[in-house]
1. Have a look at T167, T139, T98 and point out the one that is in a loop (DSSP other than H, G, I, E, B), within 25 Å of A80 (Cβ to Cβ) and among the polar types (S, T, N, Q).
2. Answer yes or no: is there a residue in segment 148-170 that is within 14 Å of V194 (Cα to Cα), assigned by TED's automatic domain parsing to the domain that holds L93, exposed (fewer than 15 other Cβ atoms within 10 Å of the Cβ) and of a type outside the set (S, T, N, Q).
3. Checking the condition loosely packed, with under 15 Cβ neighbours inside 10 Å and modelled with pLDDT under 90, which residue from A72, A67 passes?
4. Return the residue satisfying two criteria in turn: it lies in segment 185-215 and is closer than 29 Å to A159 by Cα and of a type in the set (D, E), and of such residues it is surrounded by the most Cβ atoms within 10 Å (Cβ to Cβ).
Amino acid sequence: MALLFATRRDTGRRPRAPGPRLGNWKLAYADFLTALVALFLVLWLVSDAQSEGRADIAGYFRGEAQAQTALAATTPEKAATDLASALRNTRRLTGLSTHLNILPVGDRVRIDLMDRLSQPLFENNGAELTESGREAVATLSAILQDGDWPVEIEGHTDAFPTLGARTDNWTLSSQRAHAARRALVASGLAEDRVRAVTGLADTHPLRPEEPHLAANRRVTLILQVRS
């Protein structure tokens, strides 16, 4: 009886065989569909690309950094930031560093060529460029000829009223903007690159809290960056 009891007890402890798992095929099917969609996507990209583009796509999947860079889209804002940085670092503008303020704004680059008390850009209360002003504009013209960016020109004054009875800051700023345009073109910039010339008087000071500051007397070149 003891033996029979022990045998029955041992028999009750035997593990049951695992039943079939019914969900594995679903995971395999989902993986198959994902791979199929990825294949169709690659085929679509390759069929729509030129031969150079196909090489870039192949390089991308091989992990080539250059191909990844080529495929990454460059936005106009990024292009403007890169251009502004390159202009700040060019050696040809080193001598004008105290006159210049270069800033990316959206898809444009603003180059402020500012007046200084010790080195004015224009004759006192007039629209004629000084010798240093002509040299500065000629340097900028040579830089602009390296690219094809459309250029807009703005003239600005400080908040001091003009001394002449026949003019005001609106007229003076416009005359100075046109003087800068003529100097840029005379130095080699293609005339059709200039898209607009505007005089803004003292309405857009660099430092609103100091409207009479000399730096507010400036010519601004706006480059429209193309992506």
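The values are calculated or read from the model by the stated rules, or taken from the named source; none is laboratory data. These figures come from a predicted structure and were not determined experimentally. In this analysis, Cβ positions are derived from the backbone assuming ideal geometry, glycine residues included, and neighbour counts consider all displayed protein chains.
1. Values: T167 fails: within 25 Å of A80 (Cβ to Cβ); T139 fails: in a loop (DSSP other than H, G, I, E, B).
Step by step, each of T167, T139, T98 is checked, and only T98 is in a loop (DSSP other than H, G, I, E, B), within 25 Å of A80 (Cβ to Cβ) and among the polar types (S, T, N, Q).
2. There is at least one residue in segment 148-170 that is within 14 Å of V194 (Cα to Cα), assigned by TED's automatic domain parsing to the domain that holds L93, exposed (fewer than 15 other Cβ atoms within 10 Å of the Cβ) and of a type outside the set (S, T, N, Q).
3. Testing whether each residue is loosely packed, with under 15 Cβ neighbours inside 10 Å and modelled with pLDDT under 90 leaves just A72.
4. Filtering first and then ranking leaves D202.
Residue by residue, here is whether (1) touching a helix residue (DSSP H, G or I) at 6+ places or on another chain (Cβ under 8 Å); (2) of a type outside the set (S, T, N, Q); (3) modelled with pLDDT of 95 or more holds:
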{"position": "D146", "(1), (2), (3)": "no, yes, no"}
{"position": "P150", "(1), (2), (3)": "yes, yes, yes"}
{"position": "I153", "(1), (2), (3)": "yes, yes, yes"}
{"position": "D168", "(1), (2), (3)": "no, yes, no"}
{"position": "A180", "(1), (2), (3)": "yes, yes, yes"}
{"position": "S187", "(1), (2), (3)": "yes, no, yes"}
{"position": "V197", "(1), (2), (3)": "yes, yes, yes"}
{"position": "L213", "(1), (2), (3)": "no, yes, no"}
{"position": "L223", "(1), (2), (3)": "yes, yes, yes"}
